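*Asks:* Dropping the structure in here first, questions after.
The values are calculated or read from the model by the stated rules, or taken from the named source; none is laboratory data. Just so it is clear, the model here is predicted, and its values are computed rather than measured. Counting neighbours? That spans all protein chains shown, and the Cβs are built from the backbone with ideal geometry, glycine included.
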Amino acid sequence: MRRRSFVALLGGASLAATGLPSAIAREGVEVAPPSQLSKLVSAEQVEQAAAKQYNQMLGQASGKRALAPANHPQVVRLRYIAERLIPHTYEWNKHARDWRWEVNLIGSKQINAFCMPGGKIAFYYGILNELKLTDDEVAMIMGHEMTHALREHAREQMGKTMATRGAIEIGSALLGLGSGGRLLADMGGQLLTLRFGREDESEADLVGLELAARGGYDPRAGVTLWQKMAAANKRGTVELLSTHPSGPTRISDIELNLPKVMPLYERADKPERRFGPPTASSAPEERER
């Protein structure tokens, strides 16, 4: 498969024993290069569209009193975890260092979270409350969602869509002219509802696993997280399970890759602060439309 190319690491001692020249092997997961289709769309345009959509969403949530304030215990929790993971994102996308990262909590019962292009993160209260997530499990979700932005999965999806419209519309879109320009604007308006394929989801699972481990969060929580997700899905639709792969496949892939990230976790500085899941009275108020 294009994205799921993972290699075992060889220790320097074993290389020396064979008489082969030493080599520098990257520790952690390894993935294939991003698709060239993403280059059909400007990263700047995608990030600008994402920021616009994100701010509109925050405005709507604020209007319903469903946007948690900065001093809300769960917002403090989410932002603390994000601060530990963000420094480890730079290796995966050179532009991430310059992103204006944001983390917000929306008072909704949905079991969902996302990170839009440019580092715009949102968690829905439902995913924290219904699943009673530990900090390690929150880090798994956050790392997963960050990876979608870091690996520019949305930009790639937009590039794929544009490629199917033919060379004429592609040329117009690149110049910001005609129907192609309108197409790009329309696609930018769909960033909040974009769905990713199996390869993107698998990549997000494993790169997210590494980000969390490097941030000092136990990657074994990836297993308990998806077990909770599967149980919640039996009770109703879970937004994060609306795409491939299935829960059992995700769990087996995570278990297979744990030996690659556990050494990173064991050496990482561990969080000085630990938080608990929401209490019954801590939900941001949400007014139905």
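*Asks:* Is it true that Glu285 is surrounded by 18 or more Cβ atoms within 10 Å (Cβ to Cβ), of a type outside the set (Gly, Ala, Ser) and modelled with pLDDT under 95?
*Replies:* Numbers: surrounded by 18 or more Cβ atoms within 10 Å (Cβ to Cβ): no; of a type outside the set (Gly, Ala, Ser): yes; modelled with pLDDT under 95: yes.
When the stated conditions are applied, Glu285 does not pass them.
Quick grid of which residues meet (1) charged (D, E, K, R); (2) at pLDDT below 65; (3) closer than 22 Å to Leu85 by Cα; (4) in contact with a Ser or Thr (Cβ under 7 Å, 6 or more places away or on another chain):
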{"residue": "Ala163", "(1), (2), (3), (4)": "no, no, no, no"}
{"residue": "Thr193", "(1), (2), (3), (4)": "no, no, no, no"}
{"residue": "Ser202", "(1), (2), (3), (4)": "no, no, yes, no"}
{"residue": "Val207", "(1), (2), (3), (4)": "no, no, yes, yes"}
{"residue": "Tyr217", "(1), (2), (3), (4)": "no, no, yes, no"}
{"residue": "Gln227", "(1), (2), (3), (4)": "no, no, no, no"}
{"residue": "Ala232", "(1), (2), (3), (4)": "no, no, no, no"}
{"residue": "Arg250", "(1), (2), (3), (4)": "yes, no, yes, no"}
{"residue": "Tyr265", "(1), (2), (3), (4)": "no, no, yes, no"}
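*Asks:* Here is a follow-up. If a residue must be in contact with a Ser or Thr (Cβ under 9 Å, 6 or more places away or on another chain) and aliphatic (A, V, I, L, M), how many such residues does the range 76-108 contain?
*Replies:* Residues in the range 76-108 being in contact with a Ser or Thr (Cβ under 9 Å, 6 or more places away or on another chain) and aliphatic (A, V, I, L, M): 1 in total.
*Asks:* Here are Leu85, Leu40, Leu133, Leu150: which of them is of a type outside the set (Asp, Glu) and either closer than 17 Å to Leu194 by Cα or touching a strand residue (DSSP E or B) at 6+ places or on another chain (Cβ under 7 Å) (or both)? Quick ask: steps written out before the conclusion?
*Replies:* Working: Leu85 fails: either closer than 17 Å to Leu194 by Cα or touching a strand residue (DSSP E or B) at 6+ places or on another chain (Cβ under 7 Å) (or both); Leu40 fails: either closer than 17 Å to Leu194 by Cα or touching a strand residue (DSSP E or B) at 6+ places or on another chain (Cβ under 7 Å) (or both); Leu133 fails: either closer than 17 Å to Leu194 by Cα or touching a strand residue (DSSP E or B) at 6+ places or on another chain (Cβ under 7 Å) (or both).
The unique qualifying residue is Leu150.
*Asks:* Looking at the structure I just gave you, is Lys52 surrounded by fewer than 18 Cβ atoms within 10 Å (Cβ to Cβ) and in contact with an Asp or Glu (Cβ under 7 Å, 6 or more places away or on another chain)? Before the answer, list the steps.
*Replies:* Numbers: surrounded by fewer than 18 Cβ atoms within 10 Å (Cβ to Cβ): yes; in contact with an Asp or Glu (Cβ under 7 Å, 6 or more places away or on another chain): no.
Here the answer is no, as Lys52 does not meet what is asked.
*Asks:* Taking the range 92-137, which residues are among the aliphatic types (A, V, I, L, M) and assigned to a loop (DSSP other than H, G, I, E, B)?
*Replies:* Filtering the range 92-137 down to residues among the aliphatic types (A, V, I, L, M) leaves 96, 103, 105-106, 111, 113, 116, 121-122, 127-128, 131, 133.
Ile111, Leu131, Leu133, listed by residue number.
*Asks:* Something else now. Checking the condition closer than 19 Å to Val207 by Cα, charged (D, E, K, R) and without any contact (Cβ under 8 Å) to a residue 12 or more places away in the chain, which residue from Glu44, Glu83 passes? Outline the logic, then answer.
*Replies:* Values: Glu44 fails: closer than 19 Å to Val207 by Cα.
Being closer than 19 Å to Val207 by Cα, charged (D, E, K, R) and without any contact (Cβ under 8 Å) to a residue 12 or more places away in the chain holds for just one of Glu44, Glu83, which is Glu83.
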